[in-house]
Each structure stands twice: as C-alpha cells, then as structure tokens.
Amino acid sequence: MTTTLDLATTELREVNTTLQAAAKGKANEDFELTNPRGAHAVAVGLDGPISVTINGSTGYYCAGMNKEATITVKGSTGPGVAENMMSGVVTIEGDASQYAGATGHGGLLNIKGNASSRCGISMKGIDIVVHGNIGHMCAFMAQKGNLVVLGDAGDALGDSLYEARLFVRGSVKSLGADCVEKELRPEHIEILKDLLEKAGADAKPEEFKRYGSSRKLYNFNIDHAGEY
Amino acid sequence: MEKTPHTPPRDSYTFSNAANAEIRRAAATGIYDIRGGGTKRHLPHFDDLLFLGASMSRYPLEGYREKCDTSVTLGTRFAKKPIELKIPVTIAGMSFGALSGPAKEALGRGATMAGTSTTTGDGGMTEEERGHSEKLVYQYLPSRYGMNPDDLRRADAIEIVVGQGAKPGGGGMLLGQKITERVAGMRDLPVGIDQRSACRHPDWTGPDDLEIKILELREITNWEKPIYIKVGGARPYYDTALAVKAGADVVVLDGMQGGTAATQDVFIEHVGQPILACIRPAVQALQDLGMHRKVQLVVSGGIRNGADMAKALALGADAVSIGTAALIAIGEQDPKWGAEYAALGTTADAYDDWHEGKDPAGITTQDPELMKRVNPVEAARMLRNYLNVMTLECQTIARACGHNHVHNLEPEDLCALTMEAAAMAQIPLAGTNWYPGKPGF
C-alpha cells in the first residue's frame, strides 16, 4: 500500500515527520509525494528502508542525509540533492542543480539527466552516476567513492582530488589541479559494470576513461606551490 | 688616549630581529610560517576598559551574601530544546585531531562539572567527547568530516562555522604529522597527508542559501536543536545581521585573538579585528533588528578571566567562549615541561607549533606516549576550577556594580583607558563623557 502526502495541503514539517517516523519504524512502507513545486528540504533525514516517490521537481537539499531509504524524484532537483547521503538510493529522473551528492558518505545517487557544477564536491564514499553531462568543478576535493559520467565533464574536473575515482565516457573540458587520467584496470571495469547496472545505464565500462589524483598535493612541496 | 666616540649599534624598528629572522627563514625554507594559537601582537583589549563600580549613584550588592545569577539560555528563538547553562562561558570548538583524545575528554568532563557546554571541531564527534559532555555543540564545518545524521541528532546544538577569528576567510589545516589512522579514518582521508579543508561550505554560498540549509538541518533534527552561526571578527555588524536573517538562534563572534590549531602566521596576525572592536557593532545589529537577547550573542577571542567575561557581557554579549584559556587550564604550555619546550627551540608560554604534533603537554598532539601525560579526570577538575574562578570574578564585579545577574552589566558600568579602546568599544574615555565618533561632539 502506498501512502500519498500532498505538499500543496500538508506542511513540510508534517510530511518529513511522517516519513522520518516511518523510516525509523523500519516498516518498508511506500510513500508518494505530490505537488512538491520546488519545496526545499523534502524527504530529508530518512533513516530506514522506506520508499518515497516524489512526483514533480524539488528545491534545495532534497533527500539530504539519506540513510537506507529509496527516493525517486520524477522531476528535477535544486541544489544539494542527497547532500551528505549515508546509504540508500536516490534517483533523479530529470536534471540536478549544483552540489548534487555533496559530501556524500555512501549509497547511490543516480541522476538520469544532467548535473550542474560541483557535483560530488567533497564526496566521501558515495557513488554517483550521471547519465548526461556535468558542469564545472565537479568532484572538487572528492575524498572517496565513484563518480560515473556518461556524457561530458566541464572545467576543472577533480580539482584537488583525494582518493575518489572519476569515470567519464565523453569529453573532459579540463582537469583540475592534481587530477590526471589513469589506467582503466580490470578492477575498475568491475566497479563500472556494477554501477552502470545498478543505475540502469546503457553504456559499456570499456567506453570510459578513469581520472584520479596524482597525489602530488598531499603534502606541501614548494615546487608545487604554483598548483595551489 | 681617549677613544673616539662612535654611534652604538642601532636596531631598526622596521627591520627588527624578528622581522629579519622571518625573512631568513622564508628564504631558507620557501614556505610561510605555520603555527597554532591566536594573534600575538599587542591589541586594544579588555584590559583597556575598567569598571566604575558603585558609588552614590549606584547601589552595590553584598559580595558574599546577595545573589548574583549567572545562568544563561542559548537558542530561545526557534529551537524546541534551548541549551540552559549555569555559567555564561562555554568551551569553544576544537577538533579531535588538533587535540588528543584525553584532552577532548577533559574538556567535556570539565565543562560538564562547571555546568556548561563544550564543542566538537573539524573532524567529527568522538564517543569520548559525547559520553563525557552533558551538553555538546556539534560543529557543522565546510569539510563535513565525519558528518552524519546520527551525530547531528545526538548533539545538543549545531554550530554552523562560517569563519573563525584567527583566520576569517580561511579553511582548516591539519598537517600530516597529526593525521594518524584514527584521525584519518574519521575524516575519510589517507593517513599522513596534509589536510587542508575548504574555506567555504560545499553546498551553500550565501545567507539566502544558508537560510535553506538551516531549514534542512532543523527538519532533520525535528527543530529541537539550537542553531548557532559562528563568524570570525571581520564585519561584525553585517555578519551578525545576516546570521539573524539566515535564521540563527545564536551568533558566535570570534575576534582575532581566537586561536586555531594551525594556519599561516600572516593570516593570524594580519586578518580580522580584535574582539573589542567587534562586540558593539554586533550588538547594534541585534538591537536594530529587535533581536538583542532573543538571538543570543556569544563572543570569544582572548577571554582570560572573569574581568574579560564581565566586560564582554557589559558590552552586550550573552556569553563568552574560551579555547586557548581552556587548554592552558588543562595543562597546555605548562612550565613543568620547560626542558622539553626548550628542546623544541621554544619556551612553555611561547610554544605555538601545535601543528607539529610534538606538544610535551600531550594536548595538541596525536602521539600516544605524549597524550598519556593528560589525565582527563585531573585535567577536568582543573578546568572546572578555572571556570568557577572566572565566574566568581565576574560575579564580584557585577555585584560591585549593583547587579543581581551578570547580564545586567551594561556599557554605562565601564570607562576606557585609551582613545583606541574608547573608539572601538564606544565607551567614554576615563574622566570624560566622550568617545571618538560619539554623536553630538
């Protein structure tokens, strides 16, 4: 049974309280949210295996700090979708604005459209799959996890990158400081295969290039000062 | 035969020994000087203000018998569960990583014994800290190291760090020597790398965005937690006004005397304003918005004793916060380690190489042997004692000014000793009814 909550007639606080309580109850309930109309902070802080489908586009921080929940947005999302996500699956049927998946620690963020700038900024273990293109400064200071892009990447990809893995099928306008192209080894093919399958993406792992940190900025060296 | 008189050696004020030494050090190493702590330069400070005390026109309270309340409640604007403190002095945010585990535990224990809160730092919340802190403020920093919704909900308040007094506009820095396996694990970073965290938050860019970010944090935490916004002493009037606009329950304002675990010396010494110059503009902003005492103001940066606390409160703050002083109270820079400080090329009181992780006192280190020197229970007792003394000192002054609550201290209780202090604090110069910039003069 699916419970429907209408954001046109129900306060955000009540919607989130209902979802959070259901998630906490670990009851595997299904919810449908209607009329989000760009509302901010929808379906945030869900801490359990519930399923939420949002029919429409949302504002900032949709699915923020998600844990375990499966959230699908049948529309586009504003800035910071699934920010600091811990686990679970968040799917965006449309496009995502800037900072998608920022600082995420785990789970899968699946963006069927394009993602704007700073997608995956400071990511800490999350997996992000973008079926379209991504904007500039994506994966800035990305620490852990995987960013998979089926389309093209904008300027300064992976600037000041740590140990996150970046996979891009299309072109990369430019790489950021300390980000370099790396060999696509068999273990990376396996990672890609798994993520593409989970995301329902129509692409072959071998079509991607891998980018990662050259690790030259990990400890200060005066000879690299110009890179900063 | 008499020697011909000649001019004795004359040191340059501009090219002083210290300035020349820094030029030579920079030339030899090719890197700016990094250190911990706050500014060491002489600045107009609370020492430049005096209390007038009671006289014919003011009626004092009996020092040992009449009540002078010190309680303060932080977060009364929106939060369902404001923080109630017995004393108006809190322990400022300092990270596990910058500080050792025993030091963080001591701060939590000591603050709890004194009836106040302590604060996490860049790097997340440790079990020791949560377990020993009755009231724990969880910092929400640009790095988001260790950030998770469980700790957010376990916190008693959330402090969104926009800046700090030692480096307004700067990010975090923790050099590789202190990135041990545990610290690295909490931060999702490789062991031993230099950790330079961002100076801006990754998912909001201004007060309009921050208002929405605060909405998200409140929605995740059921609107229970007071939301603090911490800013460095840069543009206190506008920073405070914008923090209020963004929805803060509490504004934390940190002057340039506030310490840091590590940053460039040039940043510490040349960016920001002294706390004395920051308080009145911040209070003015709150008053202009009708929010003074509704959004609480916590000030920090160079608070050392009950007199400093009393003066900050008299200028309009609701509470003060201490970092460096709390570390000294639990044993940092203790002269008993003088020989070891000397071996590091410094002295106990001058020691500021906190980033190197070699602190003989076992506080600003991750060295397992050095940190054994901190007994968290004993150190907590010392912090409790120190906080109690600060409070008693503040009460002594408040009673002498005729106030039965330290929050009743007011600017009219003060005079300034210098023109600079008079101008910055908008307090009349001693013996006059004038301060620079006062309307009507």
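The values are calculated or read from the model by the stated rules, or taken from the named source; none is laboratory data. Quick caveat: nothing in here was measured; it's all calculated off a predicted structure. So basically every Cβ, Gly included, is an ideal-geometry build from the backbone, and we count neighbours across all protein chains shown.
Quick notes
- So B:Arg218, is it in contact with a Gly (Cβ under 9 Å, 6 or more places away or on another chain), more than 30 Å from B:Thr365 (Cα to Cα), of a type in the set (Lys, Arg) and within 9 Å of chain A (Cβ to nearest Cβ): yes
- Scan of region B:122-150 for residues that are assigned to a loop (DSSP other than H, G, I, E, B), more than 11 Å from chain A (Cβ to nearest Cβ) and of a type in the set (Lys, Arg), ordered by number: B:Lys135
- Region B:361-413: number of residues that are closer than 29 Å to B:Lys178 by Cβ, in a loop (DSSP other than H, G, I, E, B) and more than 23 Å from the chain's Cα centre (by Cα): 4
- Residue under evaluation B:Glu128, criteria (1) surrounded by fewer than 23 Cβ atoms within 10 Å (Cβ to Cβ); (2) modelled with pLDDT of 95 or more, criterion not met: (2)
- Yes/no for B:Ser95 being polar (S, T, N, Q) and either in contact with an Asp or Glu (Cβ under 6 Å, 6 or more places away or on another chain) or more than 29 Å from B:Gly165 (Cβ to Cβ) (or both): yes
- Residue within region A:38-47 that is of a type outside the set (A, V, I, L, M, F, W, C) and surrounded by fewer than 19 Cβ atoms within 10 Å (Cβ to Cβ) present: yes
- Of the criteria (1) within 11 Å of chain B (Cβ to nearest Cβ); (2) buried (at least 24 other Cβ atoms within 10 Å of the Cβ); (3) under 14 Å from A:Gly104 (Cα atoms), which one A:Tyr162 fails: (3)
- For region B:201-215, the set of residues classified as under 25 Å from the mean Cα position of the chain (by Cα) and at pLDDT 95 or above consists of B:His201, B:Pro202, B:Trp204, B:Pro207, B:Leu210, B:Glu211, B:Lys213, B:Ile214, listed by residue number.
- Flag if A:Thr53 is within 14 Å of chain B (Cβ to nearest Cβ), hydroxyl-bearing (Ser, Thr, Tyr), under 26 Å from A:Leu196 (Cβ atoms) and crowded, with 16+ Cβ neighbours inside 10 Å: no
- B:Asp318 among the acidic types (Asp, Glu), modelled with pLDDT of 95 or more and touching a Pro at 6+ places or on another chain (Cβ under 7 Å): yes
- Pair list, Cβ < 9 Å and 6+ apart or interchain, from region A:33-49 residues that are within 10 Å of another protein chain (Cβ to nearest Cβ) to residues that are part of a strand (DSSP E or B) and among the basic types (Lys, Arg): A:Gly45/A:Lys67; A:Leu46/A:Lys67; A:Asp47/A:Lys67
- Only one of the numbered conditions (1) surrounded by fewer than 20 Cβ atoms within 10 Å (Cβ to Cβ); (2) part of a loop (DSSP other than H, G, I, E, B) is not met by B:Gln333, and that is (1).
- Among the candidates B:Arg182, B:Arg153, B:Arg218, the residue that is under 21 Å from B:Glu127 (Cα atoms), at pLDDT 95 or above and assigned to a helix (DSSP H, G or I) is uniquely B:Arg153.
- In the condition set (1) in contact with a strand residue (DSSP E or B) (Cβ under 8 Å, 6 or more places away or on another chain); (2) surrounded by fewer than 24 Cβ atoms within 10 Å (Cβ to Cβ), A:Ala153 is compliant with all but (2).
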